[in-house]
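Trainee: This is the structure I have questions about; it appears just below.
The values are calculated or read from the model by the stated rules, or taken from the named source; none is laboratory data. Bear in mind that the values here come from a model prediction, so they are computed numbers and not experimental data. With ideal geometry, Cβ positions are generated from the backbone for all residues, glycine too; neighbour counts draw on all protein chains shown. Ligands, DNA and RNA are stripped out before the accessible areas are found, and what is left, the full protein with its side chains, is counted by its heavy atoms. Shrake-Rupley method; radii C 1.70, N 1.55, O 1.52, S 1.80 Å.
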Amino acid sequence: MKLSYHSLIFLFILLPTLMVVYNVFPQKLRRYIILLFNYVFLFMWSKKLVLVQICLMLITYIIGRKVQDIQCQGKDKIYKRIAKRYMWFGIIMNLGTLAIFKYLNFFAELGTNFLNIQFSPLNILIPVGISYYTLQQISYLIDISSRNIEAERNIINFAIYTSFFATILQGPITRYAEVKDDIANLNAINLDNSIHGYERILFGLFKKVVLADRIAPAVNYLFNLHTSVGSITVLAAVLCTVQLYMDFSGTVDISIGAAKIFGIHLPENFKQPFFAKNATDFWHRWHMTLSRYLRDYVFYPISLSRIMMRLSKFLKKHNCKWLAKVTGPFIALFVVWLCNGLWHGANILFILYGMYYFMLMIIEILLEKPWKLFLNYFKLTDRSNIIIVFRFIKLLIIVCYGEMMCRVSGFSELIVMTKSIFINFNINQLLSMITNIPLLISDWVIILAGMLIIFIISLYKERKVDLQVKFDSLNTWKRWGILYILIFTIILFGAYGPGFDNIAMIYAGF
């Protein structure tokens, strides 16, 4: 994609032009400059489908104000009911639009297959960013209804939030309370924000261009083999996981850095996910804004709903105390992972991906007490070296297999590749074909060196070392020396040219 965050057009033409124009105009006009850029950027991606975002933005803005106005009339139940109805209307408009564009063909095909009716998929173009801005607008309406925020009166500020160029393609999924003040106070670009913003952009480019895009040809080659050899399957799963992490976290770094330049602080989306203790902890560290979103707007409302409370009381009355305790959370968790899978794409494999993590988390909950007894019996702790190594290997297997589920072309291929790990794990076949992988020895060296650098940085962060403060405390020569090394590393070792130049951001496809 030529307008991706890591593209030359974005980094050297669009972003610098916005910075210059933004700073030239007085403060009262800067929000209009940002808004204009947002919609020009979105139009360059979506063309006429930008109208979908504009319509939903206007509907959400009007309903948000209406909900607040009704709440201000009084605290009687009648007002609460009316406000809730407006909120649900806004949610249905956003979810309905998302469902029509993203899921109509998928569910229509499932239905017609079940009824044994022939179906020709409709030619529906999916608006870019719809998976992100609809979720943000839904959270905005719920937060107003819950009185967590006040409805935004300034439509320009709200439009900037829902169409913000740095989040529209692949997040982070941002709540209005997190950026409201920054959008309301768009000051001139200052030196600190510019430096810190570009430092974050450079780090993101290193992950995306030097590592993710360099690994991509190997991943494509391995999955195009449709292999039935277990050792090749394992290598494919590991490499596609590394590629996805470097791609997604790298482009999110660029997004956060670009927003930082203009004084807008976006939430973090990753927190050393491969240092997680288990699958549950992994999703507290990976795509954190989506995980928190599903927790706050799906899990809690379902698990604490009246229906679940009544079900819990019913089970308690019938001496099913354990079931009464876990039924509500388990049902809510099932819905969360169904939503997570569907959010990633209209594909049965993504639903399977969601159910995979749902089952893993249920198993982790059920084994929590036996695991503690096991540790106590052998006089071990979570910090014992053998436990840390075991946990890391276990997590790597879980995550790599999960990402492989999302990468294969179909369910039958997933079955073949899964079986191959157990019945045809032939190292010799891997060694004999590894030279066919479209990577040079120098590519492997760059990939391994880059992964080592990312690992060391992540290790320091996991140990609560504030690397930004450490870096800022260095003298000018050291600081700029490191930045120049990073710049030249990207220029010299970035994956450019044939086979690399059309590699899009993976999560923009979700």
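Trainee: Is it true that some residue in the stretch 241-254 is out of contact with any helix residue (DSSP H, G or I) (no Cβ under 6 Å at 6 or more places or on another chain) and either free of Cβ contacts under 8 Å to residues at least 24 places away in the same chain or open to solvent by 50 Å² or more (accessible area, probe 1.4 Å) (or both)?
Mentor: no
Trainee: Now for a different question. Only one residue in Phe43, Phe37, Phe89 is surrounded by 18 or more Cβ atoms within 10 Å (Cβ to Cβ) and among the aromatic types (Phe, Trp, Tyr). Which one?
Mentor: Exactly one residue qualifies, and that residue is Phe37.
Trainee: Here is a follow-up. Write out, first by first residue and then by second, each pair whose Cβ atoms fall under 6 Å of each other, whose residues are 6+ apart or on separate chains, and whose first residue, in the stretch 387-400, is farther than 19 Å from Tyr356 by Cβ while the second is surrounded by fewer than 16 Cβ atoms within 10 Å (Cβ to Cβ).
Mentor: From the stretch 387-400, the pairs are Ile387/Leu380.
The rows are residues; the columns are (1) out of contact with any helix residue (DSSP H, G or I) (no Cβ under 9 Å at 6 or more places or on another chain); (2) surrounded by 16 or more Cβ atoms within 10 Å (Cβ to Cβ).
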position	(1), (2)
Lys372	yes, no
Asn376	yes, no
Phe390	yes, no
Tyr401	no, yes
Leu414	no, yes
Ile427	no, no
Pro438	no, no
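Trainee: Oh, and also: Any residue that is closer than 21 Å to Tyr140 by Cβ and aromatic (Phe, Trp, Tyr) - is there at least one of those in the stretch 103-119?
Mentor: Looking through the stretch 103-119, none of the residues is closer than 21 Å to Tyr140 by Cβ and aromatic (Phe, Trp, Tyr).
Trainee: With the condition kept exactly as written, say whether any residue in the stretch 53-71 is under 26 Å from the mean Cα position of the chain (by Cα), open to solvent by less than 90 Å² (accessible area, probe 1.4 Å) and either of a type in the set (S, T, N, Q) or closer than 20 Å to Gly341 by Cα (or both).
Mentor: yes
Trainee: Of the numbered conditions (1) surrounded by 13 or more Cβ atoms within 10 Å (Cβ to Cβ); (2) touching a residue at least 12 places away in the same chain (Cβ under 8 Å), Ser7 satisfies every one except a single condition; which is it?
Mentor: Every condition holds for Ser7 apart from (2).
Trainee: May I pose another question? What tally of residues in the stretch 219-264 results from selecting those that are of a type in the set (Phe, Trp, Tyr) and within 27 Å of Leu15 (Cβ to Cβ)?
Mentor: Residues in the stretch 219-264 being of a type in the set (Phe, Trp, Tyr) and within 27 Å of Leu15 (Cβ to Cβ): 3 in total.
Trainee: Which members of the stretch 137-169 meet the condition of being buried (at least 24 other Cβ atoms within 10 Å of the Cβ), of a type outside the set (A, V, I, L, M, F, W, C) and closer than 15 Å to Ala259 by Cβ?
Mentor: Within the stretch 137-169, Tyr161, Thr162, Thr167 qualify.
Trainee: Looking for whichever is of a type in the set (S, T, N, Q) and in a loop (DSSP other than H, G, I, E, B) here; the options are Asn319, Asn340. Which one fits?
Mentor: Of the residues listed, the single one that is of a type in the set (S, T, N, Q) and in a loop (DSSP other than H, G, I, E, B) is Asn319.
Trainee: Let me ask another. Could you tell me how many of the residues in the stretch 156-196 are part of a helix (DSSP H, G or I), of a type in the set (A, V, I, L, M) and under 17 Å from the mean Cα position of the chain (by Cα)?
Mentor: 0
Trainee: Could you say which residue among Leu49, Leu29 is open to solvent by 30 Å² or more (accessible area, probe 1.4 Å), touching a residue at least 12 places away in the same chain (Cβ under 8 Å) and either touching a strand residue (DSSP E or B) at 6+ places or on another chain (Cβ under 6 Å) or of a type in the set (A, V, I, L, M, F, W, C) (or both)?
Mentor: Only one candidate passes the filter, namely Leu49.
Trainee: Kindly establish whether Asp213 is in a helix (DSSP H, G or I) and free of Cβ contacts under 8 Å to residues at least 12 places away in the same chain.
Mentor: No, not satisfied.
Trainee: If I ask for residues that are surrounded by 15 or more Cβ atoms within 10 Å (Cβ to Cβ) and free of Cβ contacts under 8 Å to residues at least 12 places away in the same chain, which ones from the stretch 320-355 would you list?
Mentor: The one that is surrounded by 15 or more Cβ atoms within 10 Å (Cβ to Cβ) and free of Cβ contacts under 8 Å to residues at least 12 places away in the same chain: Leu323.
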